[in-house]
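Asks: This structure is in structure tokens; I'll ask about it shortly.
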Amino acid sequence: MTAASRPRVLLALVAGLALLVSACDPASSTAFTASNLGAGEDGWRGIPLELDPPRTLPDVTLGDIDGEEVALAEDLLGDPVLLFFGYTSCPDICPIHLRTIASSMESLGVSTRQIQVVFVSVDPARDTAERMREYTEVFDRNILGLRAEIDVIEDALAQLDLPGPVVEGVNPRDEGELIGHPAQVIGFDADGVAQRVWPFGTRRVDWIEDMPRILEEWTRDDDADQP
């Protein structure tokens, strides 16, 4: 991405977050991807969210893979959060995002106690707690997999100005359906305020550049020295 094209992408993200949906297929007409994301003027690879008012962690309660309730706007405060909406049958975007994030964290020695990685299913009918457990553990056993009734998921997405999931056809890799969903990872600081997004196509090198800054700039001072 050239320096000249980056402001146009930023404007598109800020003005039209609701349009960033993908059917988990990079060739989809609705897919939003990053090509050579590169560093912005501020040095970050992730794209800033300059929204007024700022978006915060959705005020909804979901269930984790152990059946415990997780109130996003309360229980996830205190550490930076990388939030991604997807589903376990996704053939492309979801596993690539999660694999890239997990690999980058491993290389940097960053744990999910320092940066919380949260994967929310947009396909609760198929994504049982056990299926979510098996899926997230492929990447990192400490990724927080969450699920809820679809109306709760749609509410969470709406609070972030993102569209609800859309069935977009038959998944060629199994007997289920392809589901369109937001294709970007949203980064929140320790106070639960959305700061940046990383679109599909964000590379490992991009995460390796940004994660130390997430820890340095988005972690509360009283937590900065925690392992």
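The values are calculated or read from the model by the stated rules, or taken from the named source; none is laboratory data. This one's a predicted model, so the numbers in the text were calculated from it and none came from an experiment. Positions of Cβ are generated from backbone atoms using ideal geometry, with glycine treated the same way; all protein chains shown enter the neighbour counts.
Asks: Among the strands (runs of 3 or more DSSP E) confined wholly to the range 53-97, which include 3 or more residues that are farther than 18 Å from TRP218 by Cβ and out of contact with any Lys or Arg (no Cβ under 6 Å at 6 or more places or on another chain)?
Replies: Per the criteria, 61-64, 69-71.
Asks: Let me ask something else about it. Quick check, is ASP79 touching a residue at least 12 places away in the same chain (Cβ under 8 Å), in contact with a Gly (Cβ under 7 Å, 6 or more places away or on another chain) and acidic (Asp, Glu)?
Replies: Spelling it out, it is not the case that ASP79 is touching a residue at least 12 places away in the same chain (Cβ under 8 Å), in contact with a Gly (Cβ under 7 Å, 6 or more places away or on another chain) and acidic (Asp, Glu).
Asks: Is it the case that some residue within the range 169-178 is over 23 Å from THR88 (Cα atoms) and either among the aromatic types (Phe, Trp, Tyr) or out of contact with any strand residue (DSSP E or B) (no Cβ under 6 Å at 6 or more places or on another chain) (or both)?
Replies: no
Asks: For the range 77-96, give me each residue that is at pLDDT 95 or above and either over 14 Å from the mean Cα position of the chain (by Cα) or farther than 21 Å from THR136 by Cα (or both).
Replies: LEU77, GLY78, ASP79
Asks: Restricting to the range 141-159, give me the number of residues that are crowded, with 19+ Cβ neighbours inside 10 Å and either in a loop (DSSP other than H, G, I, E, B) or modelled with pLDDT under 95 (or both).
Replies: So the answer is 2.
Asks: When you go through GLU168, GLU175, GLU137 one by one, which is the residue that is over 28 Å from ASP42 (Cβ atoms), surrounded by fewer than 20 Cβ atoms within 10 Å (Cβ to Cβ) and modelled with pLDDT of 90 or more?
Replies: After ruling out the rest, the residue left standing is GLU137.
Asks: Against the definition (under 16 Å from the mean Cα position of the chain (by Cα) and closer than 23 Å to ALA190 by Cβ), how does PRO58 come out, yes or no? Outline the logic, then answer.
Replies: On the way: under 16 Å from the mean Cα position of the chain (by Cα): yes; closer than 23 Å to ALA190 by Cβ: yes.
So PRO58 passes the test.
Asks: Another question, if that's okay. With in contact (Cβ under 8 Å) with a residue 24 or more places away in the chain and under 14 Å from THR136 (Cβ atoms) as the only criterion, which of VAL110, VAL117 stands out? Before you say what the answer is, go through the steps one by one.
Replies: Details: VAL110 fails: under 14 Å from THR136 (Cβ atoms).
After ruling out the rest, the residue left standing is VAL117.
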